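Please read the structure below before turning to the comments.
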């Protein structure tokens, strides 16, 4: 084998290894930061808050059309409003960068469970007229 062939072969092997190693180097460089993790928790809490608002709007619509009894409407609306208040408090905590899930490798389902647990710990006040 000639010297030029040997050098060419080594260059091709080096290029091949560089192409293979590039995604691994990039993944390590762009590892999720704590701020990304807090942002993801906040995003999940906002999604849950949107669901609460949707439920309140649906209840109001059902009440306006007479599909739900007024007493039941008041109780249900009080529950959802209280959940909304709790979520706003949780979002405020997240804005101050306090985690609700300590594991930064947590997936969305685990964050959702933590939000549900946080809401379940708060006593729900139902007032009847």
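FYI, it's all coordinate maths here, none of it is from the lab. Nothing here was measured: the structure is a model prediction, and the numbers come from that model. Quick reminder, even Gly has a Cβ in these numbers, built from the backbone with ideal geometry, and neighbours come from all protein chains shown.
Kindly put 111, 56 in sequence by how many other C-beta atoms sit within 10 Å of each C-beta, fewest to most.
Placing the least packed residue first, the sequence is 56, 111.
Order these peptides, 63-75, 80-92, by their mean beta-carbon neighbour count within 10 angstrom, highest first.
Top of the packing list down: 80-92, 63-75.
Using a Förster distance of 30 Å, how high is the FRET efficiency between residue 65 and residue 88, based on the Cβ-Cβ distance and rounded to 0.05?
The computed FRET efficiency comes out at 0.60.
Take each of the peptides 46-53, 6-13, average the number of other beta-carbon atoms within 10 Å over its residues, and list them starting from the highest.
Taking the mean over residues of other Cβ atoms within 10 Å, the ranking is 46-53, 6-13.
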